[in-house]
1. Kindly indicate the residue of region 13-48 that is more than 18 Å from ALA70 (Cβ to Cβ) and exposed (fewer than 11 other Cβ atoms within 10 Å of the Cβ) and also modelled with the lowest pLDDT among those meeting that condition.
2. Taking only region 54-79 into account, find how many residues are within 12 Å of the chain's Cα centre (by Cα) and either within 20 Å of ALA30 (Cβ to Cβ) or open to solvent by 60 Å² or more (accessible area, probe 1.4 Å) (or both).
Amino acid sequence: MKKIILLGLTLATLKLHAQSLTVTGYVKDADSRETISFCNVVMADNSTGTIADASGKFLLQLTAADDKAAMIVSYMGYRPDTMLIDGNKKEFI
């Protein structure tokens, strides 16, 4: 089974506006580095989630309480991947 990676998950677009966060990034295949379209991106501890677009890009609007939460990315044929969101970091690869 293939593995998903979150390449260029950028929290530089992390914006603190009235206790909210914006998390954006791209989902790519760990081996080929090709983007994965329409995969699921959800927070582990609540029902907040989205689907990546045709270019693998996603955007999640979170609350400040989610700044230390786990994000799960899944797609059929791939193992789900989990990444911890850290509001203090600006970029993850």
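1. Filtering region 13-48 for residues that are more than 18 Å from ALA70 (Cβ to Cβ) and exposed (fewer than 11 other Cβ atoms within 10 Å of the Cβ), the one modelled with the lowest pLDDT comes out as HIS17.
2. The total comes to 10.
The values are calculated or read from the model by the stated rules, or taken from the named source; none is laboratory data. What you are looking at is a predicted structure, and each value in this text was computed from that prediction instead of being measured. In this analysis, Cβ positions are derived from the backbone assuming ideal geometry, glycine residues included, and neighbour counts consider all displayed protein chains. Side chains are part of the model used for accessible areas, which takes the heavy atoms of the whole protein and leaves out ligands, DNA and RNA. Shrake-Rupley method; radii C 1.70, N 1.55, O 1.52, S 1.80 Å.
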